[in-house]
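A.B. asks: Below are the structure tokens for one structure; questions will follow.
Just so you know, all these numbers are worked out from the coordinates, no wet-lab data involved. Just so it is clear, the structure is predicted and the values come from calculations on it, not from any experiment. As a convention, Cβ positions derive from the backbone with ideal geometry for all residues, glycine included, and neighbour counts pool all protein chains shown.
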Amino acid sequence: MSKIVDLNAKREEERHRKKEEKFEALQQRFEKALPTEEKDPKKKLLDLFKKK
């Protein structure tokens, strides 16, 4: 009996994995550019856009 491999599902998994890797890299770049002590991601984002 042969196995059936769904290529589209594998491609979609790979796209998702790459998208997550890009997101992690982008997140690291922002963290290096604007370091903050705030741990909550929503508050970090709000702090970026608040007028000083």
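A.B. asks: Residue check, I4 against (1) outside any loop (DSSP other than H, G, I, E, B); (2) loosely packed, with under 10 Cβ neighbours inside 10 Å, all met but one. Which one?
C.D. replies: Among (1) outside any loop (DSSP other than H, G, I, E, B); (2) loosely packed, with under 10 Cβ neighbours inside 10 Å, the lone unmet condition for I4 is (1).
A.B. asks: Restrict the check to segment 19-41 and report whether at least one residue is over 20 Å from the mean Cα position of the chain (by Cα), in a loop (DSSP other than H, G, I, E, B) and either hydroxyl-bearing (S, T, Y) or surrounded by 10 or more Cβ atoms within 10 Å (Cβ to Cβ) (or both).
C.D. replies: No, every residue in segment 19-41 fails to be over 20 Å from the mean Cα position of the chain (by Cα), in a loop (DSSP other than H, G, I, E, B) and either hydroxyl-bearing (S, T, Y) or surrounded by 10 or more Cβ atoms within 10 Å (Cβ to Cβ) (or both).
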